[in-house]
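Colleague: Below you'll find the structure I mean.
The values are calculated or read from the model by the stated rules, or taken from the named source; none is laboratory data. Please read these numbers as outputs of a predicted model, since none were measured by experiment. Glycine gets a Cβ as well: all are built from the backbone with ideal geometry, and neighbour counts include every protein chain shown. With ligands, DNA and RNA removed, areas are computed over all heavy atoms of the protein, side chains included. Shrake-Rupley method; radii C 1.70, N 1.55, O 1.52, S 1.80 Å.
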Amino acid sequence: MSDNKNELESHLIDVRRNLHAEPELSNQEIETSKKIKKWLENAGISVLDVPLQTGIIGEVKGKSDGPVVAIRADIDALPINEEAVSSFQSTIPGVMHACGHDFHTAVIIGAAYLLKNRQDRLRGTVRIIFQPAEETGHGAKSIINSGGLNAVEAIFGLHNDPLSEVGVLGVKEGVLTAGVDRFEINIKGKGSHAARPHEGIDPIVIAAEIISRLQAVISRETKPSETAVISVTQIRGGNTWNVIPETVYLEGTVRTFKEDIRETIRKKIERVIKGITETYGAKGELIWHAGPPSVNNDPEWTNFASHIAKTNGYKVVEVEPTSGGEDFSFYQQLIRGAFVNIGVSGEYGLHHPKYTLNEEAILPAAYYFADLAEQALNKIYAENFAKKSS
């Protein structure tokens, strides 16, 4: 790929628009993966042969041996029908890049091109990860299980922020996102005629009590300083107006920022279900789906990423933790690294059907991630040399 900035920017915008027009859901990113592989190989970038159903891992090796660092983009879309009108509007009904993963992919492809042009001076290897299924919360695990992170000493990722301006980069040491868990609750009572409720055990009344009591777990049993959320997001029960059903189903999510609080809340939910259902003589079941933990940025690499951002002309700001989730956190359980937010000057927030972004943010972010990866290699290389010398 040419060093010409105008040509590179035009190509990366085309990449982003191509992906936006043909989005694919989590673990279905077959065509997306084929496109990424083609774009990388056309630029002479090696693609690793790893056991992934979807997703791609590229690699740029410097001439000298050295450490390995990784940069990561996510590639999946959301089950949302796009309402933002453009020449590259989604052509797949009910599927949209409403979280900007097409932007992330274009940025990291751009960084890969730039790193390829700098290959002779790289002091080590940059692993370039295009991860599937971030939206389901477990795509990172497929990358880890593939061996794609083997030997990686530092990892960096990004998310776009449509509510921040182009040229703004958000960072934060420590916890940045919430731990995300999903729960299902099955309540089994006893059906009866609606006119004779005393002959049954009403699971709708039980469900109402459980929902109300779950809110008290946060408001009355969790310290105000410990931010946490319990949201019941689905209720199913009954199918006609004059029959009390036998079962009710609830579904929802828990968001927490500390592992001990996360486990405590799960136990409290179990206690609430058990206590209320037993009081009524019903049965209750909790099914817990543990999602990604909190993104926890390493202080040293966060400060480093902030420094590189400033040298690239970004206005660096400290951001508040968000109750949203991000499975980049699974990488950070194994490898130190940093996750940053990049402003894209959108009109609507993430996951909105009218979500858009300013494509002027693509090229600067590509240069930033190329510099971040190159300088991270230099830093680790120098530290390793110092250790050997001592």
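Colleague: Taking a 1.4 Å probe, which of S87, S64, S294 shows the most accessible area, and what order do the others take after it?
Modeller: S87, S64, S294
Colleague: Using the Cα gyration tensor of segment 244-390, with a ≥ b ≥ c the square roots of its eigenvalues, what is the shape: rounded (a/c below 1.5), prolate (a/b larger than b/c) or oblate (neither)?
Modeller: oblate
Colleague: About the Cα centre of segment 92-185, how large is the charge dipole given +1 on each Lys and Arg Cβ and -1 on each Asp and Glu Cβ? Please answer in debye to the nearest 20.
Modeller: Taking the Cα centre of segment 92-185 as origin, the dipole is about 500 debye.
Colleague: On average, how much accessible surface per residue is there in the chain, in Å², for a 1.4 Å probe, leaving out ligands, DNA and RNA?
Modeller: 45
Colleague: Please express the shape of segment 197-274 as an equivalent ellipsoid: the semi-axes are the square roots of 5 times the eigenvalues of the C-alpha gyration tensor, given largest first in whole angstrom.
Modeller: For segment 197-274, the semi-axes come out at 29, 12, 9 Å.
Colleague: Given the protein chains as shown and a 1.4 Å probe, how many square angstrom of Y355 are accessible, to the nearest 10?
Modeller: Around 0 Å² of this residue is reachable by solvent.
Colleague: Rounded to the nearest 20 debye, what is the charge dipole size of the chain about its Cα centre when +1 sits on each Lys and Arg Cβ and -1 on each Asp and Glu Cβ?
Modeller: 840
Colleague: What do you reckon, how do D371, D120, D327 stack up by accessible area (1.4 Å probe), largest on top?
Modeller: D120, D371, D327
Colleague: Counting each pair of different Cα atoms once, what's the Kirkwood radius of segment 1-124 in Å, rounded to one decimal?
Modeller: 15.3
Colleague: If you average over every viewing direction, what projected area does the convex hull of the Cα atoms of the chain give, in nm²?
Modeller: For the chain, the mean projected area of the Cα convex hull comes to 22.1 nm².
Colleague: Rounded to the nearest 10 Å², what accessible area does K354 have for a 1.4 Å probe in the complete protein model?
Modeller: The accessible area of K354 comes to roughly 80 Å².
Colleague: Follow-up. Please give every one of the lysines within straight-line cross-link reach of K268, meaning a C-alpha to C-alpha distance under 23 Å, and leave out same-chain neighbours fewer than 8 residues apart.
Modeller: K188, K223, K258, K283
Colleague: Further, regarding this structure: Looking only at the chain, where both bridge partners belong to it, what percent of the DSSP beta bridges are antiparallel (to the nearest 5)?
Modeller: Counting only bridges with both partners in the chain, antiparallel ones make up about 65 percent.
Colleague: Could you look at segment 180-261 and say what percent of its accessible area is carbon and sulfur, using a 1.4 Å probe and all protein chains?
Modeller: 53
Colleague: Could you run the Karplus curve 6.51 cos²θ - 1.76 cosθ + 1.60 with θ = phi - 60° over segment 254-260 and give me ³J(HN,Hα) per residue in whole Hz, x for Gly and Pro?
Modeller: Listing the rounded values in order: 10, 10, 9, 10, 9, 5, 5 Hz.
Colleague: Rounded to a whole number of µm²/s, how large is the Stokes-Einstein D of segment 329-378 at 4 °C and 1.567 mPa s, given Rh as the Kirkwood radius over C-alpha pairs?
Modeller: In µm²/s, the coefficient is 98.
Colleague: For segment 233-294 and segment 33-71, write down the distance between their C-alpha centroids in whole Å.
Modeller: 43
Colleague: Rolling a 1.4 angstrom probe over the protein chains, ignoring ligands and nucleic acids, what is the accessible area of W39 in square angstrom, nearest 10?
Modeller: Per-residue accessible area (W39): approximately 40 Å².
Colleague: In debye to the nearest 20, how big a dipole does segment 24-98 give about its Cα centre with +1 on each Lys and Arg Cβ and -1 on each Asp and Glu Cβ?
Modeller: Computed about the Cα centre, the dipole is about 340 debye.
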